[in-house]
Amino acid sequence: MSRWMSILAVVMIVISAVIRFTHGSETLQFFASAVAIIPLAAMMGQATESIAAHAGPRLGGLLSATFGNAVELIIGIFSLEQGLFSLVKASITGSIIGNLLFVLGLSFFVGGIRHPIQYFNLRVARSNASMLMLGVGIAFVVPSIFALAPHEQNYALSFGVAAVSLVIYILGLFFSLFTHREVSAYIEDEAAETEGAGHEEVKYRLWPAVIVLLISTVLVSIESDWLVENVKSIAAGLGWSEVFIGVVVVAIIGNAAEHASAVWMAWKNRMDLSLEIAVGSTLQVAMFIAPVLFFVSLMMGNPFELVFSWPELISMIAAVLLVVILMLDGESNWLEGAMAVGAYLVLAVGFYTLHTA
Amino acid sequence: MSRWMSILAVVMIVISAVIRFTHGSETLQFFASAVAIIPLAAMMGQATESIAAHAGPRLGGLLSATFGNAVELIIGIFSLEQGLFSLVKASITGSIIGNLLFVLGLSFFVGGIRHPIQYFNLRVARSNASMLMLGVGIAFVVPSIFALAPHEQNYALSFGVAAVSLVIYILGLFFSLFTHREVSAYIEDEAAETEGAGHEEVKYRLWPAVIVLLISTVLVSIESDWLVENVKSIAAGLGWSEVFIGVVVVAIIGNAAEHASAVWMAWKNRMDLSLEIAVGSTLQVAMFIAPVLFFVSLMMGNPFELVFSWPELISMIAAVLLVVILMLDGESNWLEGAMAVGAYLVLAVGFYTLHTA
Amino acid sequence: MSRWMSILAVVMIVISAVIRFTHGSETLQFFASAVAIIPLAAMMGQATESIAAHAGPRLGGLLSATFGNAVELIIGIFSLEQGLFSLVKASITGSIIGNLLFVLGLSFFVGGIRHPIQYFNLRVARSNASMLMLGVGIAFVVPSIFALAPHEQNYALSFGVAAVSLVIYILGLFFSLFTHREVSAYIEDEAAETEGAGHEEVKYRLWPAVIVLLISTVLVSIESDWLVENVKSIAAGLGWSEVFIGVVVVAIIGNAAEHASAVWMAWKNRMDLSLEIAVGSTLQVAMFIAPVLFFVSLMMGNPFELVFSWPELISMIAAVLLVVILMLDGESNWLEGAMAVGAYLVLAVGFYTLHTA
């Protein structure tokens, strides 16, 4: 599979480069860059996992937790450079509802077709539920709602929220890697067991992994730059809004590889791994990528407020509340999966019907 | 009891017909029609249950799940014909908060007076909780909130939401009648046990049941037509808003018979049956009646958007969240019942104070 | 400790009186009165507890449940007299988010540092969760949201809500003191056990307690009057809004003593007591103090609507939902505490950035 991905990556990079330098269709180039990023993101992910495996469980956990969504960070930074603030916020929204509703829903559904009832660790699920309520339900809601009232110092509030989110995220890592290791330790056992079977875990040795990581990061950066540079005119041409592109297109690109492995884990009845990918990725975007992007924008001298539109806000809250209720029983079945996917479809149609903001 | 209901039905039909054809008080006729529908609805319900009993558990479950709230569907269709969109949406709202807060609350309260703590099946409660979040918390919220932003293709979003709700509702039936029958099967055992004692379950034999169903459906249709034809002038005369009539009056008419049996089951400590009536009825209105009414309005060439007002939306969400928290422990007591009834009173007063919309 | 508090109280009363009668800085007097109230509130609390201990468990429970937050009631009444409606509502908001997020969060955090996982009674936690949803999530939300729509008879709705809240609060006392005593009885055992060790429970004998209660109530009333009389000019001078003073300053003054004991109980691993102080205090403010203040304002002939601003509303709902999720597993750890405190910080920064309303 790895070889096919490399070939796909090379082919798409060449196509997008050719279109770009021959001044071909901007829309075609956009989609070529989008497709090119998918296998590159998968390679970055595998390289990160390999390095993490060599680094031992604690440092490795830290590595995955910070570089796991590096693609979204890179696309976000290039979007900020272009001043595409609504694209950045829309892709954060899309990443959150996509991971929570589409990825988790599909995992529950696909796993549920094979196994009537699937179980996962309740304590981890509850801890994740509270984190989601804080990281999305409070950290994103408060600046957006307070911005409705007459106020000053917008950046002060965004700054405070970003700082608190980041600190709690780091405390959460400290909790699961140090003080309460036993809670999450069996997930790693399960992971070792599952992946050990095919010896897939360590795709690369240490130095090759570092090299793959460096090269794929550079390539993702280039393609991300090309992806976002014409986003406004492409959106206009397709009749889509910048928000729809962010919520649906950009959010899918950065997460496609993880999506596949979450569903695959569910099919193999490894629900804890599946949940960790889907919910862990959501938390990372909300409590790590979003605050870091805010601080980056601050350093660029062109800060953006962490203020979301009503549709974005309501979508994220609805997704969090539905998933919290689905998770808190420690069980899943195909109907729960169908509900989550159904909710994702409703939201995707909703964003499609919104005019260009 | 059946005889008294038939007599009441006949008397009220005669009264409402006399008032109508002698051009008497519109307000009196409105209330006569309203009272006439209550026993007719009960007869429709009994006939449906009898046919369902003859049809076996699967086909029977399907029948109850589609015809169980036929009265609300009929009143809804006649309201659509008159273009009374706010009445339709208000009666959906009223049906949902009435079933969740008033019926369930009264059941918990009445049952709790006799039994200190009452238990119900946790798995069913959790599945219902997720369904409520999707069918009300997402399907009703998304079109209403997205309508606040500049948008196009309103009917596209309502169409998407209605289609998804209906599909998930059907998948839910498939889940409980086919793939995960064991989860709900014991409810039927309990039902058989309870009702078998008095041999009440099968009120009618098959053909008489079909005839009773047909006649009572025709009569309900006539009375529904009479009920809604003057609703605007009656509302104005009483100083009530169309919304208040929908939320309180219409919602009570269609559900009175079910209300009585849910409370009766709770008194007999059959909490699973009680919950199935109250929550099942809510889900049916949200995920079956509401989408079907949308599609009917589309076919009539005068579609209405599934967009609710803030008070309607907040009432439904508050009802869902309170009931989810009350249900998720698998237990009830009289205080929980009092809380739900108290919440219903707060909402009813709220709707009473709203001006004509 | 008791002696030091008395000395602090006397010193601060003298200072505030001197500043006031020599027409010194209003701001200094405000802070002197604020600091004076803290030890006086603690003395009122101890006197109430002592009288309650003499009165036996039932009457005593009733006493604590009605006089436990008397300081907030007194400050509230003096604020109403000055027509400071936003201060009253802000201090209700602050009391609720302060108790739920800051006090409970700090208790979880401090207790969690010493004990990896702490447990509390699930049934009480669930009952509290439903009460919070009703008393805050419905009783405060409905009047505020319905006020957005065109409406009449505002006071009718506030009246209905206040009456329902008060009735349910009283039913809740009846539930825990009479019909379902066994649920909460073991909390008292635990309390007796904990406090019995140091023989601290009964600080005063009956008559001295009554005298201490009377004197401290009179002194708190005087200081509260001085506290609120110049609040508007002080707020302007400090560049703070009336809302910020209500949410942060006033809310902390009335609760400081309880805050300390909730955290102390958590440190001693008596989580049920800790929860009872934090959540019980929240419910008392929402379902007893707020309705009583409304009825008092009605009798004063200058009623205030129970209508909160968006930031206040969203803060209270977010706090309730986060705490409900944190409580419903019957366990706590330091990370959960950090999350709640983090959420409090986000909200405090938010209120700080709001302009004078």
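The values are calculated or read from the model by the stated rules, or taken from the named source; none is laboratory data. The structure displayed is predicted, hence computed values, not measured ones. Heads up, the Cβs are rebuilt from the backbone with ideal geometry, glycines too, and the neighbour counts pull from every protein chain shown.
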Options B:MET5, B:MET43; residue that is over 15 Å from the mean Cα position of the chain (by Cα) and buried (at least 20 other Cβ atoms within 10 Å of the Cβ): B:MET43
Checklist (1) crowded, with 24+ Cβ neighbours inside 10 Å; (2) more than 7 Å from every other protein chain (Cβ to nearest Cβ); (3) closer than 30 Å to C:PHE175 by Cβ applied to C:PHE120, failing item: (1)
Flag for C:SER144 being touching a Leu at 6+ places or on another chain (Cβ under 9 Å), within 12 Å of another protein chain (Cβ to nearest Cβ) and not charged (D, E, K, R): yes
Enumeration of residues in the range A:206-248 that are crowded, with 20+ Cβ neighbours inside 10 Å and outside any helix (DSSP H, G or I): A:SER241
Check on B:GLY45, at positive phi and either touching a His at 6+ places or on another chain (Cβ under 7 Å) or touching a residue at least 12 places away in the same chain (Cβ under 8 Å) (or both): no
Search result, residues across the range B:64-78 that are among the aliphatic types (A, V, I, L, M) and at pLDDT below 80: B:ALA65
Hits in the range A:201-221 (condition: in contact (Cβ under 8 Å) with a residue 12 or more places away in the chain and of a type in the set (A, V, I, L, M)): A:VAL202, A:LEU206, A:ALA209, A:VAL210, A:VAL212, A:LEU213, A:LEU219, A:VAL220
Subset of the range C:252-288 [among the small types (Gly, Ala, Ser), touching a helix residue (DSSP H, G or I) at 6+ places or on another chain (Cβ under 7 Å) and under 25 Å from C:ILE113 (Cβ atoms)]: C:ALA256, C:ALA257, C:SER261, C:ALA262, C:ALA266, C:SER274, C:ALA278, C:SER281
Any hit, the range C:81-101, residues being free of Cβ contacts under 8 Å to residues at least 60 places away in the same chain, within 25 Å of C:LEU213 (Cα to Cα), surrounded by fewer than 22 Cβ atoms within 10 Å (Cβ to Cβ) and touching a helix residue (DSSP H, G or I) at 6+ places or on another chain (Cβ under 9 Å): no
Scan of the range B:18-74 for residues that are in a loop (DSSP other than H, G, I, E, B) and of a type in the set (Gly, Ala, Ser), ordered by number: B:GLY24, B:SER25, B:GLY56, B:GLY68
Among the residues listed as B:ARG3, B:ARG58, the single one being among the charged types (D, E, K, R) and without any contact (Cβ under 8 Å) to a residue 60 or more places away in the chain: B:ARG3
Failed condition for A:ALA70, given (1) under 20 Å from the mean Cα position of the chain (by Cα); (2) surrounded by 24 or more Cβ atoms within 10 Å (Cβ to Cβ): (2)
